[in-house]
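J.: Please read through the structure below; I'll follow up with questions.
All of the numbers you see were taken from the coordinates with simple rules; none came from a lab. What you see is a predicted model, and the numbers here were worked out from it, not measured in a lab. Cβ placement follows ideal geometry from the backbone for every residue including glycine, while neighbour counts extend to all protein chains displayed.
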Amino acid sequence: MLPVITPSIKSSLQQHVNRALEEGIREIPKPDTHLTVAATAPLQMIRAEIGDCTRCRLHKGRTHLVFGVGNPNAALMFVGEGPGADEDLQGEPFVGRAGQLLTRMIEAMGLTRSDVYIANCVKCRPPGNRNPEPDEIATCIPFLKKQIEAINPRVIVCLGKFAAQTLLQTEIPITKLRGDFFDYGCTKIMPTYHPAFLLRNPNMKRAVWEDLKKVMSYLGLTPTSPTPSA
Ligand code: SF4
């Protein structure tokens with residue numbers, strides 16, 4: 001049976017094409033890349049649905065909407081709180097100092113950033129790096145949930161209390177949540193501390209590494225170093 005292209009799908013695709021043209025993309029990547037059109041299409045549809053979003057007040061201060069980045073078929077996903085200043089400027093999650101630490105943690109797991117998928121609970125930077133408000137999270141979280149549904153990872157590592165409490169729908173503090181697996185449909189959630197917290201509290205890196213080792217064991221990964229470098 002031929003697929004049905006509804007007006008909303010057609011509109012979403014048109015928005016995506018327009019955005020790609022605005023970003024200077026003039027050709028479709030060759031099909032021999034590991035990011036096939038079939039794999040990226042659901043995420044592109046979600047990005048098109050978000051559009052130039054003004055659904056919550058966070059849109060007012062953003063430079064870029066930070067959608068997410070990585071492998072659309074990732075077995076492992078990292079979810080943080082929201083973009084910071086560097087992420088807002090570059091349009092990519094976890095690229096500042098905390099992001100560089102996350103990158104080292106991923107590499108210590110024997111992976112690269114392009115092997116995993118990285119996203120946040122809110123896609124626009126809260127002003128002055130304040131915490132996102134509950135209504136802002138409630139407005140934005142459906143998009144993250146759609147991304148999770150599209151990627152269908154085996155494990156989500158929740159970085160910090162906002163990601164963990166939001167996806168697990170609990171108010172239990174991160175100190176009690178971290179280090180244990182929780183069910184999220186067919187996916188496992190592993191809450192741990194946020195890399196920005198680790199920059200302020202480097203003595204807690206070992207605890208996070210213990211959490212990540214549980215994830216590696218679950219996924220059958222072999223670490224490349226005893227602990228992530230500072
Ligand atoms: S944070 Fe989310 S809901 Fe709010 S404006 Fe940005 S994309 Fe839209």
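J.: From the square roots a ≥ b ≥ c of the eigenvalues of the alpha-carbon gyration tensor of segment 77-144, which class results: rounded (a/c under 1.5), prolate (a/b over b/c), or oblate?
T.: Working: a/c = 2.52, a/b = 1.64, b/c = 1.54.
Taking the square roots of the gyration eigenvalues as a ≥ b ≥ c, segment 77-144 is prolate.
J.: Provide the per-residue ³J(HN,Hα) series for segment 214-219, in order, calculated from phi with Karplus coefficients 6.51, -1.76, 1.60 and θ = phi - 60°, each as a whole number of Hz, with x at glycine and proline positions.
T.: Result, rounded to whole Hz: 5, 5, 4, 4, 5, 8.
J.: Next up: Need one word for segment 35-106: rounded, prolate or oblate. Basis is the Cα gyration tensor (sqrt eigenvalues a ≥ b ≥ c); a/c below 1.5 gives rounded, then a/b vs b/c decides.
T.: In terms of gyration-tensor shape, oblate.
J.: Taking neighbour counts of Cβ atoms within 10 Å as a proxy for exposure, in what order, fewest first, do ASP180, ASP86, ASP52 appear?
T.: On the way: ASP180 12, ASP86 17, ASP52 8.
Starting with the residue having the fewest Cβ neighbours, the order is ASP52, ASP180, ASP86.
J.: Would you mind computing, in nm to one decimal, how far apart the modelled labels at GLU210 and ASP52 are, each placed 7 Å from Cα along Cα→Cβ?
T.: 5.0
J.: Could you list, in their original order, any pairs among LYS60/LYS205; LYS146/LYS214; LYS123/LYS161; LYS176/LYS214; LYS123/LYS205; LYS161/LYS213 whose Cα atoms are separated by more than 23 Å? Walk me through the intermediate numbers first.
T.: On the way: LYS60/LYS205 35 Å; LYS146/LYS214 26 Å; LYS123/LYS161 17 Å; LYS176/LYS214 16 Å; LYS123/LYS205 26 Å; LYS161/LYS213 20 Å.
Checking Cα-Cα distances, LYS60/LYS205; LYS146/LYS214; LYS123/LYS205 exceed 23 Å.
J.: Quick check on the exposure proxy: order MET190, MET77, MET45 from fewest to most C-beta atoms within 10 angstrom.
T.: Values: MET190 22, MET77 25, MET45 17.
Ranked by crowding around the Cβ, least crowded first: MET45, MET190, MET77.
J.: Rank the residues LYS161, LYS176 as a footprinting-exposure proxy: fewest other Cβ atoms within 10 Å of their Cβ go first. Working shown, then result.
T.: Numbers: LYS161 21, LYS176 10.
By the 10 Å Cβ count, ascending, the order reads LYS176, LYS161.
J.: Can you give me the three principal axis dimensions of segment 56-219 from its C-alpha atoms, in Å, biggest first?
T.: 42, 32, 31
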